[in-house]
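Written out below as structure tokens is the structure these notes cover.
The values are calculated or read from the model by the stated rules, or taken from the named source; none is laboratory data. Here the structure is a predicted model, which means the values were calculated and not measured. Glycine gets a Cβ as well: all are built from the backbone with ideal geometry, and neighbour counts include every protein chain shown.
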Amino acid sequence: MSAIGTGGNRSGSARAALALLAATILISGCSSGPGATGATGSSPTGTGGAAQSASPPTALEQALDGIYGDGDYSKETALAAFVASFGPLPGVASPTSTDDVDDGTLAIHMVSTYWAELTDEQRAAVLAWTGGDAASVAPAAFHAATVSIDQAVVAQAEADIAARVGHHLGIPIVAVVASPTQAGKYPNARAWTVVHYDPTGQHALECRIWFRPDVAAGPADSLRFTMLHEIWHCFEGMLVDRRTNDSIRPWLAEGEAEWVAFDITNGVGATFGLLRHWYRYLTQPLKPLLIRTYDALGFFAQLDYAGKKAWSLLEPMYAAVGSYAALAVANYTDPAFEDALASSFYRDGMPSDKWSMTTRDGILSIGVASAIPQVRNLADDQQQNVEAPALGAAIADLHTTAFVTEIGTSGSVRIGDPAGGGLDEAVDDTTLDLCTASSHDCTCPPGTITRPTLRSAPQDLRVAATGGLQDHAYAALQGISKATWCRGSALNLTVEGVIGGQPYSGVIGGYPPPVLTCDPRTNGNSVHWHGEASNTHNEIGGEFDMDYGTWTIGDATVDPSYKQISIFGQGATRVYLGGISGTVTKSATGGSIDAIAANGADMIHVQGTWTCPSGPSPSP
């Protein structure tokens, strides 16, 4: 299944049901999506975000928004999640929430990690809601009366998963209908799963799934969807020991389970909660993956769309235990995947499928759930940034009127022409200069520096940045005026060679523009220059000290005290190369050079001309 892209067929009835549920998102509230992030210049929050209205966050969503940046959570967050999923606990603020919670398994895992820190009253209350023993918080006997679910439904769901992962679960699944608590209440959770282990906690023996009566007696499609989600938790529990199973980060445990049910059913039988999870994923690209929970299903859909065969990754990722180990299994840093992750949040496939996450297999339609791109306006000699957090994404619409638009990047960045004009490429850890003049001509005036012919680009572009595993990604957008771009005409030098083991190649340019000074001396001047080699993007500078006239470098008859050249490379400790051959011609207004400087194995060929600035020369 390809969850992101173009095409795909669904039954009319299933699509209509999803459309009806999706429309409910729009009319059930007028606040922006839970935890939504907005776009600078286009949203009150100023950081990017949801394009459509959504109902206010549920009590569980509010609790889970307390998850830390690394996916961990506090005891308070765990207790709040449990209260929202099941019911009141002593000493915990209890929101009067009647919101359905699709799955109570996460809340059980979260509170289990802090079991030793709970008060006796809290532990007793947890068991009163879930039943079971304190060692695993397992509902071994959820009050007296239980009714089993039709085993054929259980067997079919298990078989559907087994067919995709290549093996059966291997332990019994006991699916039962929950009875009300002693207070005569049912939890908000529609269903929950606990894997029972042996006394050592190392080996899974049984998987028990509990369903609220209304869920068990509800539509068959809805029961099947929920059953698939919960049975995947059984498969997860088989991979690790009990303690580890409780501590797996929510994005991994619940993102997998929700995607499994979604993928097998194509969204048929999905609850309103699934649509909220998709909404949160699709409208909040800036949200880092590790703080996601159920809404991480979109990440697994993107893995599958990228050809990574998500079904083959689910168990190895879970068994890897840690978030970064799991992402290593998925090869998150594969450039082919990373470079298209952020751009897919545009969802419309313009200018290519790298910018696609269109309606397919139950994904909400673009009109219902799409992120608002950040807005960046750029003019001559102005600067803007687009930045994505680690394991997050940022998208921005760029409108530039600059003569030249320079895009300097760190990490994974993609640039595209939404009109489909041919510009669609990854610009990772490099600099891209584009001619964005309205005339589409960025040629400098005659007699100025000869620069490489720039690629012409439209003034409306798209920028997408994908955060790395632990590093931000950003695009520094610099507008360069014609006067600034061509100001380097005073210095028309090219270099080719090696300094300190690093290659240096290209025209001396860069932004800010290169520096050139001509300091007068008795019968000549001292020319200092400093800039960036255009092909290799590293700093280089030099000094030409000699009298006016034409001089042969390396001529033993020339007084070396004031007739020499030197070249130096980047870095705090400069490596200087001295002239060994070639010629230099100097006058009071400028000069030319075609010479070689060397120092051991390092050697640079420098050639070109310069024109001394008029008026007093600033310090180099």
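Structure data summary
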quantity	calculated
Unmet requirement for LYS308, which otherwise passes all of (1) assigned by TED's automatic domain parsing to the domain that holds ASN188; (2) surrounded by fewer than 20 Cβ atoms within 10 Å (Cβ to Cβ); (3) outside any loop (DSSP other than H, G, I, E, B)	(3)
Failed criterion for GLN202 (all others in (1) surrounded by 17 or more Cβ atoms within 10 Å (Cβ to Cβ); (2) outside any strand (DSSP E or B) hold)	(1)
Condition check for ILE209: in contact with a Cys (Cβ under 9 Å, 6 or more places away or on another chain), part of a helix (DSSP H, G or I) and β-branched (Val, Ile, Thr)	no
Odd one out for TYR279, checked against (1) part of a helix (DSSP H, G or I); (2) under 15 Å from LEU391 (Cα atoms)	(2)
Residue match in segment 102-112 (condition: over 27 Å from the mean Cα position of the chain (by Cα) and either surrounded by fewer than 18 Cβ atoms within 10 Å (Cβ to Cβ) or outside the structural domain of ILE231 (by TED's automatic domain parsing) (or both))	no
Which numbered condition ALA128 fails, given (1) touching a residue at least 24 places away in the same chain (Cβ under 8 Å); (2) buried (at least 21 other Cβ atoms within 10 Å of the Cβ); (3) more than 30 Å from ILE366 (Cβ to Cβ)	(2)
Strands (runs of 3 or more DSSP E) completely within segment 458-529 that count 1 or more residues being not polar (S, T, N, Q) and not assigned by TED's automatic domain parsing to the domain that holds VAL427	491-499, 502-509, 515-520
Complete set of residues in segment 493-534 that are under 34 Å from the mean Cα position of the chain (by Cα) and modelled with pLDDT under 85	GLY509, GLY510, TYR511, PRO512, PRO513, SER534
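Here is a yes/no grid of residues against (1) of a type in the set (A, V, I, L, M, F, W, C); (2) more than 19 Å from ALA253 (Cβ to Cβ); (3) at pLDDT below 95:
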| position | (1), (2), (3) |
| --- | --- |
| ASP72 | no, no, no |
| VAL83 | yes, yes, yes |
| GLY87 | no, yes, yes |
| SER94 | no, yes, yes |
| SER97 | no, yes, yes |
| ARG123 | no, yes, yes |
| TRP129 | yes, yes, yes |
| GLY184 | no, yes, yes |
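Table: residues versus (1) in contact with an Asp or Glu (Cβ under 9 Å, 6 or more places away or on another chain); (2) buried (at least 17 other Cβ atoms within 10 Å of the Cβ); (3) over 22 Å from PRO520 (Cα atoms); (4) modelled with pLDDT under 95.
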{"position": "VAL575", "(1), (2), (3), (4)": "yes, no, yes, yes"}
{"position": "ILE580", "(1), (2), (3), (4)": "no, no, yes, yes"}
{"position": "LYS586", "(1), (2), (3), (4)": "yes, yes, no, yes"}
{"position": "GLY591", "(1), (2), (3), (4)": "no, yes, no, yes"}
{"position": "CYS612", "(1), (2), (3), (4)": "no, yes, no, yes"}
{"position": "PRO620", "(1), (2), (3), (4)": "yes, no, no, yes"}
